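The values are calculated or read from the model by the stated rules, or taken from the named source; none is laboratory data. All values derive from a computational prediction rather than experimental measurement. Backbone-built Cβ (ideal geometry, glycine too); neighbour counts: all protein chains shown. Accessible surface is based on the protein model in full, side chains and every heavy atom, while ligands, DNA and RNA are left aside. Shrake-Rupley method; radii C 1.70, N 1.55, O 1.52, S 1.80 Å.
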Amino acid sequence: MSASVTLAARRAPGPVAAGLLALRLAWRQLWSEKARLASAIAGVMFACVLVFMQLGFRAALFDSATAVIGAMRGDLFLMHPLTTASFRPEPMPRARAWQVLALPEVERAVPIYLAQATWRNPEDGTRRSIQLIGVEADAGVLDFPGLAPILDRLKRADTIAFDRRSRPEFGAVARLLEERGPFEVQVGNRDMEVVGLIEIGPSFGADGNIVLSDVNFRRVVKERQVSAIDLVAIRLRPGADVLDVQRRLRDLLPPDAMVLTQAQLHAHERGYWEEATPIGFIFSFGSLMGLVVGMVIVYQILFSDIAGHLKEYATLKALGYSNLYLSQVVLGAALILAVTGFVPGMLVSALLYDVVGSATYLPLSMDVARASSVFAMIFTMCAVAGLLAMRKLRDANPADMF
């Protein structure tokens with residue numbers, strides 16, 4: 001008897017071989033019902049595309065909303081505590097920029113002005129709100145693509161740099177600049193000259209952007225008091241401890257100025273869209289709904305598949321296969337559905353990213369991190385559906401079937 005037990009142990013497949021055998025059985029079982037398999041793949045693909053689009057919109061929201069903040073160069077920043085987002089700043093006294101110079105570690109403090117004004121389309125005369133970013137031209141605290149070569153031109157009176165990635169409703173400014181050279185447009189109630197192009201991109205808070213000097217900013221936004229600023233970019237001397245200077249500035253300045261690092265400023269801007277508006281929640285909720293719909297579809301397919309092959313499962317039990325092995329078959333089917341639905345879903349989503357990104361001018365792009373996270377969600381969705389469907393295996397009792 002011992003020899004026969006030893007022989008059976010040698011013939012028993014290992015965990016890997018048993019898993020592959022279960023996966024092969026799951027595939028044959030799915031392939032036997034091609035229409036049902038196509039429906040399941042379509043359901044997983046639908047859930048995949050929905051999750052990809054919702055997460056893509058959510059990421060585009062945060063990336064576009066923080067584009068201006070992300071292009072600012074400073075070790076520390078001052079901002080009014082009541083400022084919720086950069087497109088609706090709360091002004092603070094300009095004197096705060098000079099007060100920080102009391103610390104020897106501070107090399108420079110540069111005021112930044114943010115506001116929105118009306119832009120008259122140079123082609124059809126329509127008006128539209130546009131974001132103004134005013135700063136001392138050669139301060140070196142803005143790092144937008146295309147800005148460096150035109151800094152000298154921005155020092156002249158009534159000159160601006162236009163964001164070439166702004167929405168087309170502002171007019172074909174890039175083409176007009178190429179055809180005419182610098183030309184006049186109306187910003188607010190003042191005639192300004194477009195002298196160059198930069199790249200920022202629209203956001204959910206602003207459809208377009210222009211950069212101009214602090215002096216030209218005050219010429220456009222005449223109602224703004226000279227003593228009122230929106231942000232201060234602080235550059236520290238080499239070797240200075242950023243966190244120590246931040247702590248000392250907080251003790252030095254009145255409560256109408258927050259002292260933030262670049263990361264904290266970025267998180268503050270993102271937090272507004274994520275927590276203070278319903279947009280971030282809507283995109284997250286849409287992703288969850290996509291997963292729920294996909295899970296229901298996969299559950300129905302797997303449950304029907306198990307019910308349709310209940311006698312076969314009972315036969316396998318009669319042959320000595322355990323419930324654990326049969327569960328591996330069901331989970332193998334879930335894995336197959338996850339992979340076969342994810343791949344075309346990802347390809348369709350990448351195509352939709354290009355189409356929607358071109359139409360909305362939002363930064364939509366497929367990346368490895370997002371694809372990996374969505375696959376993990378889709379696989380979890382299919383696995384949960386498989387675990388729920390496995391309850392039907394309890395009905396596969398050989399004594400009842402035969």
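Would you tally the residues in the range 367-378 being buried (at least 17 other Cβ atoms within 10 Å of the Cβ) and either hydrophobic (A, V, I, L, M, F, W, C) or not assigned by TED's automatic domain parsing to the domain that holds residue 334 (or both)? Spell out how you get there, then give the answer.
Initial filter on the range 367-378 (buried (at least 17 other Cβ atoms within 10 Å of the Cβ)): 370, 374-375, 377-378.
Restricting the remaining residues to those that are either hydrophobic (A, V, I, L, M, F, W, C) or not assigned by TED's automatic domain parsing to the domain that holds residue 334 (or both) gives 374-375, 377-378.
Residues flagged as buried (at least 17 other Cβ atoms within 10 Å of the Cβ) and either hydrophobic (A, V, I, L, M, F, W, C) or not assigned by TED's automatic domain parsing to the domain that holds residue 334 (or both) within the range 367-378 amount to 4.
Of these, 161, 174, which one is surrounded by fewer than 17 Cβ atoms within 10 Å (Cβ to Cβ), over 27 Å from residue 240 (Cα atoms) and under 30 Å from the mean Cα position of the chain (by Cα)?
Values: 161 fails: surrounded by fewer than 17 Cβ atoms within 10 Å (Cβ to Cβ).
One residue alone meets the criteria, 174.
Out of the residues in the range 241-262 that are assigned to a helix (DSSP H, G or I) and closer than 15 Å to residue 92 by Cβ, state the one that is most open to solvent (accessible area, probe 1.4 Å).
So the first thing to find is which residues in the range 241-262 are assigned to a helix (DSSP H, G or I), and the list is 242-252, 262.
When the remaining residues are screened for being closer than 15 Å to residue 92 by Cβ, the result is 249-250, 252.
Working: 249: 0, 250: 126, 252: 79 Å².
Among those that are assigned to a helix (DSSP H, G or I) and closer than 15 Å to residue 92 by Cβ, it is 250.
Does the range 52-70 include one or more residues that are outside any helix (DSSP H, G or I) and within 30 Å of residue 236 (Cα to Cα)? Step through it out loud before you land on a result.
Quick first cut of the range 52-70, residues outside any helix (DSSP H, G or I) only: 66.
Okay, now just the ones that are also within 30 Å of residue 236 (Cα to Cα), so 66.
For the range 52-70, residues outside any helix (DSSP H, G or I) and within 30 Å of residue 236 (Cα to Cα): present.
Just one of the numbered conditions (1) of a type outside the set (Val, Ile, Thr); (2) more than 18 Å from residue 55 (Cβ to Cβ); (3) part of a helix (DSSP H, G or I) is not true of residue 286; which one?
Condition not satisfied by residue 286: (2).
Which is hydrophobic (A, V, I, L, M, F, W, C), open to solvent by less than 50 Å² (accessible area, probe 1.4 Å), within 20 Å of residue 82 (Cβ to Cβ) and assigned to a helix (DSSP H, G or I), of 265, 291, 302? Spell out how you get there, then give the answer.
Details: 291 fails: within 20 Å of residue 82 (Cβ to Cβ); 302 fails: within 20 Å of residue 82 (Cβ to Cβ).
Only one candidate passes the filter, namely 265.
Return the only residue of 389, 334 being within 23 Å of residue 50 (Cα to Cα), open to solvent by less than 70 Å² (accessible area, probe 1.4 Å) and assigned by TED's automatic domain parsing to the domain that holds residue 23. Give the derivation first.
Values: 389 fails: within 23 Å of residue 50 (Cα to Cα).
Of the residues listed, the single one that is within 23 Å of residue 50 (Cα to Cα), open to solvent by less than 70 Å² (accessible area, probe 1.4 Å) and assigned by TED's automatic domain parsing to the domain that holds residue 23 is 334.
Please enumerate the residues belonging to the range 112-158 that are of a type in the set (D, E, K, R), open to solvent by less than 80 Å² (accessible area, probe 1.4 Å) and outside any loop (DSSP other than H, G, I, E, B).
The answer is 128, and nothing else.
Here are 348, 355, 343: which of them is farther than 20 Å from residue 30 by Cβ, open to solvent by 40 Å² or more (accessible area, probe 1.4 Å) and without any contact (Cβ under 8 Å) to a residue 40 or more places away in the chain?
Numbers: 348 fails: without any contact (Cβ under 8 Å) to a residue 40 or more places away in the chain; 343 fails: farther than 20 Å from residue 30 by Cβ.
Checking each option against the conditions leaves just 355.
Looking at (1) of a type outside the set (Ser, Thr, Tyr); (2) closer than 17 Å to residue 207 by Cβ; (3) not assigned by TED's automatic domain parsing to the domain that holds residue 184, which one does residue 37 not meet, given that it meets all the others?
Failing condition for residue 37: (2).
So which of 59, 22, 65 ends up being within 30 Å of residue 312 (Cβ to Cβ) and either open to solvent by less than 20 Å² (accessible area, probe 1.4 Å) or within 15 Å of the chain's Cα centre (by Cα) (or both)?
Values: 59 fails: within 30 Å of residue 312 (Cβ to Cβ); 65 fails: within 30 Å of residue 312 (Cβ to Cβ).
From the options 59, 22, 65, the qualifying one is 22.
Of 367, 354, which residue is out of contact with any Leu (no Cβ under 9 Å at 6 or more places or on another chain), of a type in the set (Asp, Glu) and modelled with pLDDT of 80 or more? It would help to see each step written out before you state the result.
On the way: 354 fails: out of contact with any Leu (no Cβ under 9 Å at 6 or more places or on another chain).
Of the residues listed, the single one that is out of contact with any Leu (no Cβ under 9 Å at 6 or more places or on another chain), of a type in the set (Asp, Glu) and modelled with pLDDT of 80 or more is 367.
Would you check which residues across the range 309-326 are open to solvent by less than 50 Å² (accessible area, probe 1.4 Å), in a helix (DSSP H, G or I) and of a type outside the set (A, V, I, L, M, F, W, C) and list them?
From the range 309-326, those open to solvent by less than 50 Å² (accessible area, probe 1.4 Å) are 309-310, 313-314, 316-317, 325-326; that's our starting set.
Remaining after also requiring in a helix (DSSP H, G or I): 310, 313-314, 316-317, 325-326.
Result: 313, 317, 325.
Among the numbered criteria (1) surrounded by fewer than 22 Cβ atoms within 10 Å (Cβ to Cβ); (2) under 31 Å from the mean Cα position of the chain (by Cα), which one does residue 210 miss?
Looking at each condition in turn, residue 210 falls short on (1).
So which residues in the range 95-119 are more than 19 Å from residue 251 (Cα to Cα) and out of contact with any strand residue (DSSP E or B) (no Cβ under 7 Å at 6 or more places or on another chain)?
none
Of all residues in the range 177-202, count the ones that are within 11 Å of residue 119 (Cβ to Cβ) and open to solvent by less than 40 Å² (accessible area, probe 1.4 Å).
From the range 177-202, those within 11 Å of residue 119 (Cβ to Cβ) are 185-188, 192, 194; that's our starting set.
Now narrow it down to the ones that are open to solvent by less than 40 Å² (accessible area, probe 1.4 Å): 185, 187-188, 192, 194.
Qualifying residue count, the range 177-202: 5.
Looking at (1) touching a strand residue (DSSP E or B) at 6+ places or on another chain (Cβ under 6 Å); (2) within 24 Å of residue 183 (Cα to Cα); (3) in contact (Cβ under 8 Å) with a residue 24 or more places away in the chain, which one does residue 127 not meet, given that it meets all the others?
Tallying (1) touching a strand residue (DSSP E or B) at 6+ places or on another chain (Cβ under 6 Å); (2) within 24 Å of residue 183 (Cα to Cα); (3) in contact (Cβ under 8 Å) with a residue 24 or more places away in the chain, residue 127 fails exactly one: (3).
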